[in-house]
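Below is one structure; the comments refer to it alone.
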Amino acid sequence: MAKNFAEQTFTDPTKIRNFCIIAHIDHGKSTLADRILQLSSVVAERDMRDQYLDNMDIERERGITIKAQNVRLPWTVRSGEMAGEEIVLQMIDTPGHVDFTYEVSRAMEACEGAILLVDAAQGIEAQTLANLYLAMENDLEIIPVLNKIDLPAADPDKYGKEIADIIGVDPDEVLRVSGKTGEGVAALLDRICEVIPAPTSEYDLDAPARAMIFDSVYDTYRGVVTYIRMVDGRLLPNQKVKLMATGTNLEIHEIGIVSPTAKPCKGLGPGEVGYIITGVKDVRETKVGDTITWANKGAEKSLEGYREPKPMVYSGLFPVSQAEFPDLREALDKLQLNDASLSFEPETSVALGFGFRCGFLGLLHMEITRDRLEREFDLDLISTAPSVDYRVIAEDGSEVRVHNPSEWPGGKLQATYEPIVNMTIIVPTEYVGSTMELCQNKRGTMKNMDYLSEDRVELRYVMPLGEIIFDFFDMLKSRTKGYASLNYEEAGEQEADLVKVDILLQGEPVDAFSAIVHKDDARYYGLKMTKKLRELIPRQQFEIPIQAAVGAKIIARENIRALRKDVLAKCYGGDVSRKRKLLEKQKAGKKRMKNIGSVEVPQEAFVAALSTDEE
């Protein structure tokens, strides 16, 4: 059946099962996907490698999935009422980190069911719960599965009961598999065929086509490759189609399925997932969430698109060399096609020149994006300290949205508002005290606390987003020896006493180092930054004062001593006035140099402004 994909034109939608795998980081999604690929024989034994669907170097190095991947698999049911039936499985492997939730939500729109994968040695985690609620909102059929049952530390009975209680099923219905050894994977695929509903029972190929764009990537040679989920009708090669949101007319040059490499076919019908290539080179033309229909006599009503992702964290990206600014713009355009949750707009900085203010879904998303820009597009970048979106009401009553400390209005302010999030932390009972202490130190307000089992607790807090984005996750992991898991979602805003801390070099503010912090934390931030910069900025021919200021008030100061030539070396005796004369002459020269000299700040100092390691 695997060989016939290219020859067959359409698949009976009742024989299709669309499903995704949702789980926390490191619970074995990609390993399970590897075993499913092997069992369905779409990957030859000699071509098989670990994390087969993770295509990016960063994904392999970090052992995480960043991009959801779809793959089509043939499967002959081995047991049960459907034994012997041939089914087409369409699987989407999704990321597990909170920053890539938008990627997961888009994958769910293309599915009717989800495998909820839980590590049998760790139990359900905060991000798994978040993805579970997301799947329930989308009315997906959920199949609970315990993975890693081959581990010595696995306790499938305990965690099976935990999952069963949360979902409301019998503990016997929780399947047990090992992605590593392949145990139980065939039974899981049979369960998918039985339980997950077919995408549609209608087989009307003549209805006006409607297909949802759920992903797209940029290919250097073929332009934009658009991934679609068919809902109605059919699409064929060389057919004229229209994008309903933008009104753009295109022609399909190639249409196909992914199994697990791209394979052209003769068309896609209702319920199928595949790709189209239209030769479009402009990345802005195909938008994720848009509906594709026929150019002539197409559908009148478009499909419901995706919620636009709202950036949680903002950071400036600047090229080290200003000559690379056009390359950075082009790279961001191409990356945005691959990552629909990235947003950016041009900005200028006195210290760093021209660059872009980028919006990210979280710190990991920011780190990965910068890494990809540097690797895939060969750029050298400086990124400014991350900040969130504040609302400020100035003295005259006007309202300002502040993404960047340089936009902070001067003078007296009527009120300042900061974004807050609802945060869920799942933690072993012995670490509850230290976790609660950390949350209180970060201005968190406790909502409630539930015991998932006798040794695991779910804590819910309302917390300012600005407190999470720097080092909260690292501190949480160190306090709980890595056992805590964290998830958060936006929850509006609250009024707060916020100030802007400027870092001055020789009396001149350097906007890259400025930050908006709570009034109580201003002195701590000022001391930390001045100390760090004193160590990182090399000594120069004149003394450099590094100051932290809130408005006109200096709250911290460090000095970088001047490099000095020993002018007294030739003065080996005589009256002290001879020495003083030489020192005064040197001092006057240093003063003149200070007035005309500029402070050179190395790139490491900008990078260090981002680092959150505590001394």
Is there a residue being under 30 Å from M423 (Cβ atoms), out of contact with any strand residue (DSSP E or B) (no Cβ under 7 Å at 6 or more places or on another chain) and touching a residue at least 40 places away in the same chain (Cβ under 8 Å) anywhere in the range 292-305? yes
Limited to the range 110-143, what total is found for residues that are farther than 16 Å from N18 by Cα and in contact (Cβ under 8 Å) with a residue 24 or more places away in the chain? 17
Those residues of the range 552-566 which are under 17 Å from L498 (Cβ atoms) and in contact (Cβ under 8 Å) with a residue 24 or more places away in the chain amount to I555
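Which residue, of L337, L361, L352, L379, is surrounded by 21 or more Cβ atoms within 10 Å (Cβ to Cβ) and over 30 Å from N487 (Cα atoms)?
Sole residue among the options that is surrounded by 21 or more Cβ atoms within 10 Å (Cβ to Cβ) and over 30 Å from N487 (Cα atoms): L352.
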Give the residues of the range 65-104 that are touching a Gly at 6+ places or on another chain (Cβ under 7 Å) and modelled with pLDDT under 80, sorted by residue number. T65, V98, D99
For the list (1) among the hydrophobic types (A, V, I, L, M, F, W, C); (2) crowded, with 21+ Cβ neighbours inside 10 Å; (3) at pLDDT below 85, I need the number of the one condition that V517 fails. (3)
Conditions first: (1) loosely packed, with under 14 Cβ neighbours inside 10 Å; (2) assigned to a helix (DSSP H, G or I). A164 passes all but one, so which condition is the exception? (1)
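Residue-by-condition table, conditions (1) loosely packed, with under 11 Cβ neighbours inside 10 Å; (2) at pLDDT 80 or above; (3) under 21 Å from F318 (Cβ atoms):
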position	(1), (2), (3)
A512	no, no, yes
Y524	no, yes, no
K532	no, yes, yes
Q547	no, yes, no
A552	yes, yes, no
A562	no, no, no
N595	yes, no, no
E614	yes, no, no
Here's a check for you: in the range 228-262, which residue that is in a loop (DSSP other than H, G, I, E, B) and of a type in the set (V, I, T) is farthest from the chain's Cα centre (by Cα)? I252
Please identify the pairs in which a residue from the range 321-338 that is under 12 Å from I382 (Cβ atoms) has its Cβ atom under 8 Å from the Cβ atom of a residue that is of a type in the set (D, E, K, R) and surrounded by fewer than 17 Cβ atoms within 10 Å (Cβ to Cβ), counting only partners at least 6 apart or on another chain. S321/D380; E324/D380
Would you point out the residue of the range 564-593, among those that are over 30 Å from T530 (Cβ atoms) and part of a loop (DSSP other than H, G, I, E, B), that is modelled with the lowest pLDDT? A569
Looking only at strands (runs of 3 or more DSSP E) that fall completely inside the range 339-387, which ones have 1 or more residues that are at pLDDT below 85 and among the aromatic types (F, W, Y)? 353-360
For the subset of the range 265-285 comprising residues that are more than 16 Å from M230 (Cα to Cα) and not basic (K, R), which member is modelled with the lowest pLDDT? V283
So Y461, is it at pLDDT 85 or above and outside the structural domain of E162 (by TED's automatic domain parsing): yes
Check Y227, Y221, Y159 and return the single one that is surrounded by 15 or more Cβ atoms within 10 Å (Cβ to Cβ) and free of Cβ contacts under 8 Å to residues at least 60 places away in the same chain. Y159
Just checking: which of the helices (runs of 4 or more DSSP H) contained wholly in the range 428-539 hold 1 or more residues that are closer than 28 Å to A394 by Cβ? 465-468, 522-536
Determine whether the range 99-116 contains at least one residue that is buried (at least 21 other Cβ atoms within 10 Å of the Cβ), in a strand (DSSP E or B), in contact with a helix residue (DSSP H, G or I) (Cβ under 8 Å, 6 or more places away or on another chain) and not small (G, A, S). yes
Reported set for the range 397-424 where residues are closer than 12 Å to E495 by Cα and of a type in the set (V, I, T) is T416, I420
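The values are calculated or read from the model by the stated rules, or taken from the named source; none is laboratory data. The shown structure was predicted, so the numbers you read here are calculated from the model rather than taken from an experiment. Neighbour counts run over all protein chains shown; Cβ positions are idealised from the backbone, glycine included.
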